[in-house]
Amino acid sequence: MKVLRDTYVSKSKTVKRVEMLRDSEFMKNFFKDCVLESIYPLLHDVNLKPYKAGNVQIEEARKEEIDNFLAKKMERKGILALLLSSEIEFSPLDMKEVAFDVIGSHCLDSTHIVVSG
């Protein structure tokens with residue numbers, strides 16, 4: 001959460017206050033950009049160990065990896081350069097995150113399907 005908050009604060013300094021107050025759609029996109037720039041890459045970082053409550057060693061390793069990620073992001077002066085570099089490994093893209101199953105059982109009600117023949 002700290003990473004998201006820091007990204008939100010740093011990006012909000014570059015935005016005019018009038019835009020932030022009057023346009024809710026702008027704020028939704030602004031928040032989405034902050035999440036995609038900070039949290040999304042961390043979720044797919046291969047070296048970031050899964051969270052286990054109460055395990056101090058894992059929490060320290062996670063903090064170290066997050067700090068490493070932030071340092072490299074600042075060094076590269078942006079997230080895109082870091083994502084395209086080979087310094088940090090990311091898990092492959094899962095198509096289930098960006099695809100929608102249009103013909104799945106949750107989309108169609110079988111009582112309304114008309115089969116012509």
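Only one of these is surrounded by 10 or more Cβ atoms within 10 Å (Cβ to Cβ) and more than 18 Å from the chain's Cα centre (by Cα): E75, E25, E37. Name it. The match here is E75. In region 5-23, the residues that are farther than 15 Å from M74 by Cα and part of a helix (DSSP H, G or I) never reach a residue that is aliphatic (A, V, I, L, M) and open to solvent by 70 Å² or more (accessible area, probe 1.4 Å) with C-beta atoms less than 7 angstrom apart, at least six apart or across chains. For region 50-67, the set of residues classified as within 17 Å of the chain's Cα centre (by Cα) and surrounded by 14 or more Cβ atoms within 10 Å (Cβ to Cβ) consists of R62, E65, I66, listed by residue number. Taken over region 85-104, the criterion of being surrounded by 10 or more Cβ atoms within 10 Å (Cβ to Cβ) and not in a loop (DSSP other than H, G, I, E, B) is satisfied by F90 alone.
The values are calculated or read from the model by the stated rules, or taken from the named source; none is laboratory data. Keep in mind the model is a prediction, meaning the values are calculated, not measured. A quick note on method: Cβ atoms are made from the backbone with ideal geometry, for glycine too, and the neighbour counts reach across all protein chains shown. The protein model used for the area step is the full one, side chains on, heavy atoms only, and it has no ligands, DNA or RNA in it. Shrake-Rupley method; radii C 1.70, N 1.55, O 1.52, S 1.80 Å.
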